[in-house]
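Okay, so here's the structure we're looking at.
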Amino acid sequence: MVYNKISQLRPLRLDTVAAIVGLLLALVLLPLRLLASQIYLNTVPFVLGTACALYLLALYQQDTSTALPRLPRPVAMTLPSVVLAGLGALVVLTVLQGARTPVYFAVASVLATLVVVQILFTSEEAFNRRLLLLQVVLFALVFRFTALYATPGYIGIDVWTHMEFIEAIYAEESLSAISHDKHYASPFYHLLVVASSLLLDVPLRLALYLSVGILMPLSVLLIYATTNLLVSERWAVLATALFALTSHVTMWGLHLIPTSLGLVFFLAILYALIRVMRIEYTMRDFSLLILLSVAVILTHQVSTFITLVLLLAAFVAQVVFVIGPFGLTRLDTSVFRAKKPVNLIGLVVFNFGLTIFVWSLTPYREQSFLATVLSFFTQTLEESAGFLNIASGSTGDETTEASAEAAPTLLEQAVPYIDALGFLFLLGATFAGCLYVVHRRRAEQSVFTLLLAAAIMLVFVLVLPMFGIRNFIPTRWFAFLYAPMAILGAIGLRTLVRGLSPGVVVTVLVLFALIYPGAMLFAVESNAENPVFSDQHEQLAYTDAELAAVSSIGELTGGPDGQEIRPDQQLHTDHPYQTVISRTGAYPSTTTATVPDDGVADHEYVVHRTTQSTDATYFNDADGEGRIEQVSQDRLCQPHHATVYTNGEVTMCTPSPTT
């Protein structure tokens, strides 16, 4: 092993300087955790410091001795069969248990770890990218479709609204059925499901699963295609596995809405963009970029904005390499092939222009979508923006804040960290990858595009919410952010493998393989239909009895229009159950009940379900703030109420005629 002196590392070299600055920044950020209680303030400085320290250690050691230990050939040949048999066991478990239970997630975590171990520790002779990619894709398919199979109705909140739109389009055979909504200008998702139903002659629910549902797990192959333009097959397969296992990507494979399809188009645009930067492109390649850009604009507004961020990052990377500190003469052709930066100004202008044009014509809250969004953003800046005005980005944060006054248990304190653990591991690998690509000899437009895109997205996801700016819906960004993070993370792990001593490398990789898959699969986004920590996270799916109650409430009340319902007739229940009642049109004027601490609700029309008494559901407190509360039926239905409907799981109470 060769150890370099600090003087030999040329501290003014960009990657070395960046690593040192990263260490100093981590130290500077540490005191912020004393000013506000937020999970990323508590953890990101440690992750950043660890990544920078490992990178500097890799530069210092420059190990050239023993190769990494590899799995024995018989073990490497047996593991694929074990994984495939395990996937079959997951299907059987779901059928027998009727849901994805903690046992299911434990088995799935072991299988995911075995896949990652194969990628990292299989010898070159036994490495088979096709077999490994097959395992990754099959795991993604089984993990998602077992949830869809076991769940009556749909998983999530927004999907109920979108299926109402789809049913209206299907019935009227025209987009005019949703002309009142912003999705009138971005109907590709809805038209795809309707077309799939007509072509395959299946119900709309099954058409959704056979179209968008199948596209989601298959789209992870675009990560492989993109990464393989930059690094060898092993690390491209690793990036694919890292992305496929991420919690938010899994969530959009369960909660199938326009965001899901927008993510597919985003991955295709990312591949096409990196491709034109890495090969001798033709007009056909640019035409594909334009076609995909139009597709994402016609699919989803948030996905469109995130795509614009990606294109802006690519344009900034172009400027950096044309007039900035990097030059092609400094490029190490043994790492990346020297290539003149691609001119993207036309593509960027086209996307911005078309987006503004479409958004200006999109109806949204009695204005155009563009005008409404700008109005909301201006209002936020004037009223609620401020340093460390923390805006929680997940239900996990909300749970922590809501239970802070009630002396949270150890589990309540640990759950938010479990939810974020996979992201933090990937973030550390991403930091290492970013340090690698800022080296002058390795800098190239394609990898700088990934670096800048990840950096800008992290600002929207982590930084802006700390200033109270949540208009950009940061939770929708994570799945898109994971694409450049997975690629840079694979590059970062490759960097550490090449530079650190075998003992340190094995420790890092084994910890990553053992913790990352399980952390991602146990995170709340991966099990929203049946949360592993059911007393900490709300369930975003419903039983047959709960869905039957929604239908019965609609029939019982006649499904009145929202304008026909007086304020005192508003229906109150928990969140998220109130969303499915209102979004299906069963009773449009439904909202979250207000239940004071240790008190009773004061509403005329209420709905109680047994889940409210056993698992995590949201109610408003006396100040109107939402918090998780377990509520018994007598805290909603009062003595002056009459029970007008019950099916054993759901009870609807209204004012008694005698009172």
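For (1) within 30 Å of Thr227 (Cβ to Cβ); (2) in contact with a Ser or Thr (Cβ under 9 Å, 6 or more places away or on another chain); (3) among the acidic types (Asp, Glu), each residue gets a yes or a no:
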position	(1), (2), (3)
Leu133	yes, yes, no
Phe143	yes, yes, no
Ala150	no, yes, no
Asp158	no, yes, yes
Hits in segment 161-177 - residues which are at negative phi, over 29 Å from the mean Cα position of the chain (by Cα) and acidic (Asp, Glu): Glu172
Checklist (1) of a type in the set (S, T, N, Q); (2) in contact (Cβ under 8 Å) with a residue 40 or more places away in the chain; (3) surrounded by fewer than 20 Cβ atoms within 10 Å (Cβ to Cβ) applied to Gln633, failing item: (2)
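Conditions tested, residue by residue: (1) open to solvent by 20 Å² or more (accessible area, probe 1.4 Å); (2) among the β-branched types (Val, Ile, Thr); (3) more than 18 Å from Leu138 (Cβ to Cβ); (4) within 20 Å of the chain's Cα centre (by Cα).
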| site | (1), (2), (3), (4) |
| --- | --- |
| Phe188 | yes, no, yes, no |
| Leu199 | yes, no, yes, no |
| Val202 | yes, yes, yes, no |
| Leu210 | yes, no, no, no |
| Gly213 | no, no, no, yes |
| Leu218 | yes, no, no, yes |
| Leu221 | yes, no, no, yes |
| Tyr224 | yes, no, no, yes |
Within segment 58-70, tally of residues that are open to solvent by 60 Å² or more (accessible area, probe 1.4 Å) and either of a type in the set (A, V, I, L, M, F, W, C) or at pLDDT 95 or above (or both): 1
Qualifying position, being at pLDDT 90 or above and closer than 23 Å to Arg476 by Cα, among Ile345, Ile269: Ile269
Among residues of segment 130-159, those that are over 30 Å from Ile223 (Cβ atoms) and out of contact with any Asp or Glu (no Cβ under 6 Å at 6 or more places or on another chain), counted: 1
All strands (runs of 3 or more DSSP E) inside segment 556-618 with 3 or more residues being of a type outside the set (Asp, Glu) and open to solvent by 30 Å² or more (accessible area, probe 1.4 Å): none
Residue satisfying all of: in segment 123-160; among the hydroxyl-bearing types (Ser, Thr, Tyr) and crowded, with 18+ Cβ neighbours inside 10 Å; farthest from Thr543 (Cα to Cα) among these: Thr146
Number of positions in segment 260-304 that are under 17 Å from Tyr189 (Cα atoms), in a helix (DSSP H, G or I) and not β-branched (Val, Ile, Thr): 14
Residue match in segment 596-613 (condition: of a type outside the set (D, E, K, R) and in contact with a Gly (Cβ under 6 Å, 6 or more places away or on another chain)): no
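Would you be able to tell me the number of residues in segment 467-493 that are in contact with a helix residue (DSSP H, G or I) (Cβ under 9 Å, 6 or more places away or on another chain), open to solvent by 30 Å² or more (accessible area, probe 1.4 Å) and farther than 16 Å from His248 by Cα?
Filtering segment 467-493 down to residues in contact with a helix residue (DSSP H, G or I) (Cβ under 9 Å, 6 or more places away or on another chain) leaves 468-493.
Pick out the ones that are also open to solvent by 30 Å² or more (accessible area, probe 1.4 Å) and you get 470-473, 475-476.
With farther than 16 Å from His248 by Cα added as a condition, the list becomes 470-472.
Residues in segment 467-493 being in contact with a helix residue (DSSP H, G or I) (Cβ under 9 Å, 6 or more places away or on another chain), open to solvent by 30 Å² or more (accessible area, probe 1.4 Å) and farther than 16 Å from His248 by Cα: 3 in total.
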Members of segment 600-637 that are over 25 Å from Asp544 (Cβ atoms) and hydrophobic (A, V, I, L, M, F, W, C): Val600, Ala601, Ala622
Of the criteria (1) open to solvent by 20 Å² or more (accessible area, probe 1.4 Å); (2) under 20 Å from Val650 (Cβ atoms); (3) in contact with a Phe, Trp or Tyr (Cβ under 8 Å, 6 or more places away or on another chain), which one Ser534 fails: (3)
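Okay, residues lined up against (1) in contact (Cβ under 8 Å) with a residue 60 or more places away in the chain; (2) aliphatic (A, V, I, L, M); (3) on the phi > 0 side of the Ramachandran plot:
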site	(1), (2), (3)
Ile565	no, yes, no
Asp574	no, no, no
Val600	no, yes, no
Ser613	no, no, no
Tyr618	yes, no, no
Gln638	no, no, no
Residue check, Tyr184 more than 23 Å from the chain's Cα centre (by Cα), open to solvent by 80 Å² or more (accessible area, probe 1.4 Å) and closer than 19 Å to Ser260 by Cα: yes
Members of segment 371-386 found to be closer than 16 Å to Ile473 by Cβ, open to solvent by less than 50 Å² (accessible area, probe 1.4 Å) and at pLDDT 85 or above, listed by number: Thr372
Test: Ala519 is at pLDDT 95 or above and under 17 Å from Pro102 (Cα atoms): yes
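Return yes when Thr240 is out of contact with any strand residue (DSSP E or B) (no Cβ under 7 Å at 6 or more places or on another chain) and under 17 Å from Ala108 (Cβ atoms) and no when it is not. Explain how you work it out, then say what you get.
Working: out of contact with any strand residue (DSSP E or B) (no Cβ under 7 Å at 6 or more places or on another chain): yes; under 17 Å from Ala108 (Cβ atoms): no.
Taking the combined requirement at face value, the residue does not satisfy it.
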Matching option when the condition is under 23 Å from the mean Cα position of the chain (by Cα) and either of a type in the set (S, T, N, Q) or open to solvent by 10 Å² or more (accessible area, probe 1.4 Å) (or both), among Thr113, Thr94: Thr113
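Considering only residues that are among the aliphatic types (A, V, I, L, M), farther than 22 Å from Phe357 by Cα and touching a residue at least 12 places away in the same chain (Cβ under 8 Å), which ones fall in segment 167-189? Give the derivation first.
So in segment 167-189, the residues among the aliphatic types (A, V, I, L, M) come out as 168-169, 171, 175, 177-178, 185.
Of the ones still in play, those that are also farther than 22 Å from Phe357 by Cα are 168-169, 171, 177.
If the condition is that a residue be among the aliphatic types (A, V, I, L, M), farther than 22 Å from Phe357 by Cα and touching a residue at least 12 places away in the same chain (Cβ under 8 Å), then Ile169, Ala177 are the ones that fit.
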Residue count, segment 407-433 (criterion: touching a residue at least 24 places away in the same chain (Cβ under 8 Å) and open to solvent by 30 Å² or more (accessible area, probe 1.4 Å)): 7
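Does Arg73 count as surrounded by fewer than 18 Cβ atoms within 10 Å (Cβ to Cβ), at pLDDT below 95, in contact with a helix residue (DSSP H, G or I) (Cβ under 7 Å, 6 or more places away or on another chain) and among the charged types (D, E, K, R)?
no
The values are calculated or read from the model by the stated rules, or taken from the named source; none is laboratory data. Keep in mind that what you see is a predicted model, and the values were worked out from it rather than measured. Note that each Cβ is placed from the backbone with ideal geometry, even for glycine, and that neighbours are counted across all protein chains shown. With ligands, DNA and RNA removed, areas are computed over all heavy atoms of the protein, side chains included. Shrake-Rupley method; radii C 1.70, N 1.55, O 1.52, S 1.80 Å.
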